[in-house]
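Enquirer: Have a look at this one.
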Amino acid sequence: MTKTLFAEFTARKGEEDDVARLMRDYARKVREEDGNLAFDVYTKASNPRAYWIFEVYRDEDAFQAHLNAPYGGPFNIALAPLIEEDASVLTFIDPLA
């Protein structure tokens with residue numbers, strides 16, 4: 001079964017360009033992961049500082065491999081001071097059967 005989630009956070013005022021740069025680089029790396037099926041980055045139309053990331057992984061093992069990728073930790077460390085939340089808020093979702 002696929003592993004699907006939304007990650008969301010809000011860029012701090014004045015940090016929009018740095019967050020966008022980090023997200024573009026990170027998205028490129030994640031999309032190259034063998035088990036990644038989707039990594040789509042969106043900003044809210046009414047608030048472009050609000051990010052929503054739609055992620056789909058082949059299965060739980062692929063998601064765990066994503067979490068353990070060597071670039072994930074440095075990305076999260078770089079992102080943390082640039083966003084309003086303590087970390088990205090994750091919402092795991094399942095398809096309606």
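Only the coordinates and a few stated rules stand behind these numbers; no lab work does. Since we're looking at a predicted model, the values are computed, not measured. We place every Cβ from the backbone using ideal geometry, glycine too, and count neighbours over all the protein chains shown.
Enquirer: So how compact is the stretch 3-92: Cα radius of gyration and Dmax in angstrom?
Expert: Spelled out, the Cα radius of gyration and Dmax of the stretch 3-92 are 12.6, 37 Å.
Enquirer: Can you give me the relative contact order of the chain as a percent, contacts being Cα pairs under 8 Å and 6 or more apart? Working shown, then result.
Expert: Values: 149 pairs, mean separation 43.7, N = 97.
Over the chain, the number comes to 45 percent.
Enquirer: Let me have the 222 nm mean residue ellipticity of the chain computed from DSSP H runs of 4+ only, each contributing -39500 (n - 2.57), with the sum over all residues rounded to the nearest 500. Please report the intermediate quantities before stating the final value.
Expert: Numbers: 3 runs with 32 residues, N = 97.
The per-residue figure over the chain is -10000 deg cm²/dmol.
Enquirer: If I model a spin label as a point 7 Å beyond the Cα along the Cα-Cβ vector, how far apart are those points for GLU32 and ALA20 in nm?
Expert: Inter-label distance under the simple model: 2.3 nm.
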